[in-house]
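Every read-out reported here was derived from the displayed coordinates using simple, explicitly stated rules and does not represent laboratory data. All of these numbers come straight from a predicted model, not from anything done at the bench. Here the Cβ is made from the backbone with ideal geometry for all residues, glycine too, and neighbour counts use every protein chain on show.
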Number of protein chains: 2
Amino acid sequence: MKAELIAVGTEILTGQIVNTNAQFLSEKFAELGIDVFFHTAVGDNEKRLLSVLDIASKRSDLIVLCGGLGPTEDDLTKQTLAKFLGKNLVFDSTALAKLDRFFASRKGRVRTPNNERQAQLVEGSRALQNPAGLAVGALIEENQVTYVVLPGPPSELKAMFTESLQPLLLHSNQKLYSRVLRFFGIGESQLVTILADVIENQSDPTLAPYAKTGEVTLRLSTKAEDEETAKQKLDCLEQEILARDHLATCLYGYGDDNSLSKIVARELEEQGLRFAMVENLTAGLLQADLTLSLQNRQLFKGGLVVSDERVDVQKAQELAAFICEDSKADVGLALLGELKPESQADNVMATYYIAVSVHGQLTVTEVDLGGYTEQHMRHIACLHALNTMRNILLNHKNLL
Amino acid sequence: MKAELIAVGTEILTGQIVNTNAQFLSEKFAELGIDVFFHTAVGDNEKRLLSVLDIASKRSDLIVLCGGLGPTEDDLTKQTLAKFLGKNLVFDSTALAKLDRFFASRKGRVRTPNNERQAQLVEGSRALQNPAGLAVGALIEENQVTYVVLPGPPSELKAMFTESLQPLLLHSNQKLYSRVLRFFGIGESQLVTILADVIENQSDPTLAPYAKTGEVTLRLSTKAEDEETAKQKLDCLEQEILARDHLATCLYGYGDDNSLSKIVARELEEQGLRFAMVENLTAGLLQADLTLSLQNRQLFKGGLVVSDERVDVQKAQELAAFICEDSKADVGLALLGELKPESQADNVMATYYIAVSVHGQLTVTEVDLGGYTEQHMRHIACLHALNTMRNILLNHKNLL
């Protein structure tokens with residue numbers, strides 16, 4: 001199946017917003033094994049949108065229009081698609097009922113005919129309900145081409161794709177199952193090199209690497225009729241991946257919505273460990289990051305940001321022990337870095353000492369970092385501290 | 001002039017990267033008064049790229065191709081454009097000399113014919129040198145259509161656009177002058193409403209609002225023959241803007257590469273004020289943010305993150321005074337928030353107290369925030385603290 005994405009909105013063409021919907025849908029279509037051959041963005045202009053639809057209908061089997069479903073005058077995607085297909089617009093009763101409920105619950109808001117357009121779809125379409133907004137989406141097949149209409153706001157588009165569109169794009173009895181592996185301590189190019197043959201020969205499950213700041217993720221996806229079959233296929237590929245080189249030791253977790261700070265926060269919460277921290281160069285970033293992932297705020301006993309520019313193993317140990325005792329915490333962590341004199345603005349170099357005290361038992365790790373801007377280095381240093389803490393907390397749990 | 005942007009790269013169609021180049025160029029073209037009517041993304045595939053060029057050449061006067069200039073097999077933008085125009089590829093001597101120098105200085109690197117392709121351009125093109133990489137760009141006019149070829153990596157594309165392409169797109173004796181006004185304490189929709197008639201009737205200078213987290217910027221742009229003429233036109237528009245409503249009090253600074261934390265850091269440095277901080281809910285984020293903008297690290301005397309959940313005006317004052325004295329600083333700031341019990345995950349509500357002590361003189365500001373996620377609220381709370389500090393530091397300077 002050849003797919004094409006068309007974003008409708010002048011604000012994309014003037015650079016006021018980035019077309020992130022195209023990335024989201026492309027990633028999802030890749031998982032589904034659907035080839036996306038073109039992205040197009042066009043303004044809120046009937047003539048140009050009609051010309052884009054004409055071009056797309058001649059080269060693609062699946063055309064996904066994003067945006068232009070709102071209540072303002074310049075939202076014209078559904079009207080233009082109807083004109084292109086020579087069809088009328090009709091009201092979707094579910095979407096209209098939702099609109100009724102919305103305006104009934106907001107007495108002050110004036111309901112205009114423009115608002116009602118959000119509940120319309122091209123005659124003969126299958127409605128895609130909007131779990132996060134008022135504009136209804138739609139899918140219609142015409143002359144062997146499938147046209148899909150999705151809302152522009154990313155939160156609405158994502159929810160509608162996941163809940164309504166994705167199930168329709170799969171074979172009737174299949175579902176898409178994905179597993180995301182998260183790695184720290186290995187770069188994307190190194191990971192891709194180690195897995196070159198697996199990536200080259202992938203068919204089912206598919207395998208896609210993504211680089212983030214300081215970490216890499218691998219998304220494994222398979223279409224299957226039930227979860228057990230999918231699990232077996234994904235387990236098999238995961239085992240093959242983790243058997244390579246030192247990849248098993250770099251794996252720190254699973255899932256899209258995960259991070260080293262979430263893993264550490266969860267571990268602290270499971271073990272009921274109160275913690276406190278000291279930082280210098282990262283100036284509070286580590287505490288800010290870890291506490292944001294914390295559900296149980298009571299576990300954070302506070303922290304210090306020190307301005308010391310000269311640090312060493314001993315100072316790191318002393319401060320980890322001090323903050324732990326002074327804050328009446330179970331775990332004290334000191335993340336202390338010393339900049340090297342040869343540092344430059346876009347090539348900051350530093351040695352970091354990560355000292356962790358768990359119930360009085362001290363460990364220290366030393367990490368040399370370089371080649372980043374200061375902002376980037378701070379972030380990487382925090383990830384090293386979190387990964388160190390993760391390993392220590394896992395050991396601590398195993399010793400219990 | 002009708003412009004169209006074509007991104008070439010399969011990694012865009014699989015969702016591995018976002019097409020941020022399209023946003024950058026769209027914004028720049030808007031400043032130049034050039035209308036962008038279409039964005040297209042196409043993979044590294046000759047046939048499909050030829051079809052896209054054919055479509056674009058029939059509807060646009062200016063076609064900008066981005067990406068696909070690198071040394072790997074699948075980089076085929078220049079080759080395909082040459083084929084489309086029925087022309088040969090030739091070497092650009094400047095780019096070739098740069099390639100020679102590059103490989104001469106890196107003894108270990110093997111130079112292949114693929115590398116040399118980076119120094120080629122379509123016969124008859126004007127070369128656009130690459131200040132940040134090896135691949136040369138080009139501009140060629142053919143049958144009243146101007147084709148531009150730019151490299152894909154954003155750092156290379158931006159540098160080439162600014163240094164080589166933009167001057168060619170302006171009238172021979174004109175230059176583009178821009179001024180960015182930065183506002184805090186007003187939303188984008190409110191700003192746009194206040195300035196509706198100015199935005200509606202803009203021609204020269206042009207005016208474009210952009211929303212960022214917690215702040216709004218306005219970009220004023222004009223084409224002029226010299227800086228003095230541009231300055232007069234921009235001054236005139238700026239005065240008109242700042243005379244509206246309370247906009248003058250919301251303006252906190254100028255420039256693209258600016259922020260409240262940079263303004264505060266500069267003010268502390270200019271006045272030579274040492275500072276220290278206490279936070280609770282923001283958990284170090286404010287200290288991390290402000291110190292990243294600091295050139296003179298000696299001025300930061302350290303800080304505390306406290307875990308107190310109940311706070312009030314008095315506690316904020318006490319902690320601001322305490323941290324100032326204890327750290328031997330000139331300025332002590334306490335940013336303390338208390339969550340309201342009705343808070344929900346995506347609608348966190350809190351009262352923040354911002355206490356600032358400057359040489360023993362205390363002021364406190366109270367801010368009620370709500371309607372955000374916790375991460376978003378932390379960021380907004382830091383911006384309020386920085387804006388409060390900015391006002392106090394400006395007053396302090398005026399009193400000296």
Q: Return the sequence-ordered ³J(HN,Hα) values of the stretch A:198-214 in whole Hz as given by the Karplus equation 6.51 cos²θ - 1.76 cosθ + 1.60 applied to θ = phi - 60°, using x for Gly and Pro.
A: 5, 5, 4, 9, 5, 9, 8, x, 8, 9, 10, x, 9, 9, 10, 4, x
(Q) Applying a 10 Å radius around every beta-carbon, put A:144-151, B:69-76 in order of their mean neighbour count, most first. (A) A:144-151, B:69-76
Q.
Can you tell me the orientation of helix B:227-242 relative to chain B, as the angle in degrees between its alpha-carbon axis and the longest Cα principal axis, to the nearest 10?
A. 50 degrees
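Using mean Cβ contacts within 10 Å as the protection proxy, how do A:121-130, B:4-13, A:214-223 order, highest first? Could the numbers behind the result be given before it?
Working: A:121-130: 19.1, B:4-13: 24.0, A:214-223: 21.3.
Packing proxy ranking, top to bottom: B:4-13, A:214-223, A:121-130.
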Q | Sequence-distant residues sharing a close amide H with residue B:35 (under 5 Å, placed H) | A | B:3
Q: Taking the rotation that carries B onto A, look along its axis and tell me which residue of B has the beta carbon nearest to it, distance in whole angstrom.
A: B:284, 1
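Using the beta-carbon distance between residue A:236 and residue A:123 and R0 = 51 Å, what value does 1/(1 + (r/R0)^6) give for FRET efficiency, to the nearest 0.05? Don't skip to the end; give the middle numbers.
Details: r = 47 Å, r/R0 = 0.92.
Here the calculated transfer efficiency is 0.60.
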**Q.** Distance between the stretch B:144-172 and the stretch B:330-392 - C-alpha centres, whole angstrom
**A.** 44 Å
Q. Where in the stretch A:37-97 are there trypsin sites (Lys or Arg not before Pro) that are in a DSSP coil and have at most 16 other Cβ atoms within 10 angstrom of their Cβ?
A. A:87
**Q.** Ranked list, fewest to most other Cβ atoms within 10 Å of each Cβ, for B:210, A:177
**A.** B:210, A:177
Q. Amide H neighbours of residue A:68 under 5 Å, counting only residues 5+ apart in sequence or on other chains, H built in-plane at 1.01 Å?
A. A:152
**Q.** Two-site FRET efficiency, residue B:106 against residue A:50, from Cβ-Cβ distance with R₀ of 56 Å, rounded to 0.05
**A.** 0.60
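Between residue A:326 and residue A:97, what is the FRET efficiency for a Förster distance of 45 Å, r being their Cβ-Cβ separation, to the nearest 0.05? Write down the numbers at each step before the final one.
Details: r = 60 Å, r/R0 = 1.33.
Efficiency at R0 = 45 Å is approximately 0.15.
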**Q.** Cross-link reach list, lysines versus residue B:47, counting only Cα pairs under 20 Å and skipping chain neighbours closer than eight places
**A.** A:2, A:58, B:58, B:78, B:83, B:87
**Q.** Peptide B:18-31 - average C-beta neighbours from other chains (10 Å radius)
**A.** 4
Q) How large is ³J(HN,Hα), in whole Hz, for each residue of the stretch B:185-193 in order, when computed from phi with the Karplus curve 6.51 cos²θ - 1.76 cosθ + 1.60 and θ = phi - 60°, using x for Gly and Pro? A) x, 8, x, 4, 5, 5, 4, 5, 5
Q: Evaluate peptide A:297-304: per residue, the Cβ atoms of other protein chains within 10 Å of its Cβ; return the mean as an integer.
A: 5
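For a test of the definition: using alpha carbon positions, the gyration tensor, and the 1.5 limit on a/c, classify the protein assembly as shown as rounded, prolate or oblate. Please report the intermediate quantities before stating the final value.
Working: a/c = 1.38, a/b = 1.31, b/c = 1.05.
In terms of gyration-tensor shape, rounded.
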**Q.** Principal-axis tilt of helix A:313-326 within chain A, Cα atoms, nearest 10 degrees
**A.** 80 degrees
